[in-house]
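For reference, the structure is listed below as structure tokens.
The values are calculated or read from the model by the stated rules, or taken from the named source; none is laboratory data. None of the values given here were measured: they were computed from a predicted structure. Ideal geometry is used to build each Cβ from the backbone, glycine not excepted, and the neighbour counts take in all protein chains shown.
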Amino acid sequence: MASQPVLPRKSSVPWGTELAELHGASNPNLPEKPNTSLLRPRESRPSDKSSPSSPIVASPSGDVILKYTKPYSGESYYWKVESRMLRENSPYFRVLLDPTNNFIEGQLLAQQLAESSGSGSLPVVVIPATPFTELYGVDSMELFLQILCFESLASEENNDEDEGLETVFTLNLKAQPLSLIARLVEIADYYNSPLPVLDALRRMDYSLGKGKSRLQKFSETTLKMSEDRIRQTIVVADFLKQESIAKIMAHALVIAGSKRWVHSPEVPEGPYFRWHYLANGLEEELYYRRQCVLNTITDLQAYFLRKYGALESNEPMAVPSGAVPHHTITQHRVYQCRAGLGNASQCDLFHLGQMTRFFALRAKSIFIGSTLIDPEFSPPGAEDEHDGKEQPPVGPDLSALIVSLKKHPDYQIDLNHQACGVKRRLLPILDGIEKFLLDGRGMLGLVPSLWDQPENRQRLQWQSDTLFAEEVHIVLNQISYVHIGLQGATAAKSGFHSTRSLSHEDHARALFTAKKRKWEPETF
């Protein structure tokens, strides 16, 4: 979140320049109708053509002209505003436009008011430029000033239109893109004036650019939104206190992943939008939740690889009915073949090969590498091969990963082994994981305003020293029960719990954060 602006004691423009602009503003024919892009959307009105004598009119009854100069290009913008409304609605402008204060802007305003008495000229007050105002953009600044002066539109009638200015402004504001509204929220907080913006957006029932009804339930359509749009929706929905939408969008970010999560999240350098890095540890928490889901899927793959002999197991395995125990020097393994014939070893090896090939080449969910080479070693020419390559890709969409894993082949070694194989056992478990990922309520998401409260954070966070679940048992597509350890007593009562005794969010947390998972405990 951006730091609050500090009123400078030294003007960035010489007094003589400001006074010259004051005299240049002595035009008795100042436009009396707003000419902002919101109120005159069909007219061409380049903002860079504004001047003290022809400002952008935010308030028809304005008595002050605000000047803002972009620090890099030097372009200047002028807005005619009503100082009383700005002072009433913004603590920042209450100081900036106070001719009795000790700041240089106030002293200059007092001098201009004295010199312009009876001349019809309007004083010019400079809005100090900062890296944050440059980031938020002139269009968000203009919209912010228009909202602060909104009351002045109620008494003004647009003679060229059937509707009043207030109605025209409200309708056009509602149609503004989410990216602009997100920057408007940023600049309102920057100038410590969120309430007028909140009231304006609530009054016209801003629909977050997509229609709130479409955002109140998570679906695969939600994942078609761009990452920036998802993040902007989180910020704006939280600002509007629309908690369910903010939570669902946070869930969507966990499922879709982020280009900023190729490595662990880092605070961006320099000024940045709040949606680029969610504050107060929320960015890290959402990243951690995604990693927990990926770790669970990895654990499931390792379980089947272990069952079929690709990985060692230190745990004793019960012998299912019809299965043949197989003893080796390093481990005790039970054949997974269900045919009960003499070629059980060949059957298992066939399915192990199919599974390894599928995970490595088609789903691309495992990597077969070497333990012999030092990770820091680079053979000659390796650096040249990587020069100029693009950044590492964003991690997989979790829902797409589940769909990919469900395409596991169902080949058999021969017709006598129709009941054998991985797919018939893998699919129900994937269905159980998928129901948490695609749940319309967005169970992996968080409400930022609730997360920001310390008393809630300990209860909500998955990334915690407090272990929530010691052990989880998964049978087919259901969690049969959860063992909550003593350390997790703050979130749930300790002991063994059936699926009926925990909330859906607790089910998800238990499955994805458990210290130990028992897949198929009663069946295989």
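Key figures for this structure:
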quantity: Residue match in the stretch 250-270 (condition: of a type in the set (V, I, T) and buried (at least 19 other Cβ atoms within 10 Å of the Cβ)); calculated: yes
quantity: Unmet requirement for L66, which otherwise passes all of (1) farther than 17 Å from P196 by Cβ; (2) outside any helix (DSSP H, G or I); (3) within 35 Å of the chain's Cα centre (by Cα); calculated: (1)
quantity: Single unsatisfied condition, K241 versus (1) part of a helix (DSSP H, G or I); (2) of a type outside the set (A, V, I, L, M, F, W, C); (3) under 24 Å from Q216 (Cβ atoms); calculated: (1)
quantity: Helices (runs of 4 or more DSSP H) (entirely within the stretch 397-461) containing at least 2 residues that are in contact (Cβ under 8 Å) with a residue 12 or more places away in the chain and in contact with an Asp or Glu (Cβ under 8 Å, 6 or more places away or on another chain); calculated: 398-405, 423-437, 448-451
quantity: Among (1) farther than 15 Å from S152 by Cβ; (2) under 36 Å from the mean Cα position of the chain (by Cα); (3) modelled with pLDDT under 75, the one test that Y92 misses; calculated: (3)
quantity: Residue tally, condition without any contact (Cβ under 8 Å) to a residue 24 or more places away in the chain and either within 30 Å of L349 (Cβ to Cβ) or not in a helix (DSSP H, G or I) (or both), over the stretch 288-316; calculated: 8
quantity: Residues being over 23 Å from P131 (Cβ atoms), in a loop (DSSP other than H, G, I, E, B) and of a type in the set (A, V, I, L, M) - total across the stretch 244-287; calculated: 1
quantity: Test: K493 is surrounded by fewer than 14 Cβ atoms within 10 Å (Cβ to Cβ), at pLDDT 90 or above and not assigned by TED's automatic domain parsing to the domain that holds A250; calculated: no
quantity: Unmet requirement for T17, which otherwise passes all of (1) modelled with pLDDT under 60; (2) assigned to a loop (DSSP other than H, G, I, E, B); (3) surrounded by fewer than 19 Cβ atoms within 10 Å (Cβ to Cβ); calculated: (2)
quantity: Residues that are without any contact (Cβ under 8 Å) to a residue 40 or more places away in the chain and within 21 Å of M225 (Cβ to Cβ), drawn from the stretch 177-210; calculated: P177, L201, D205, Y206, S207, L208, G209, K210
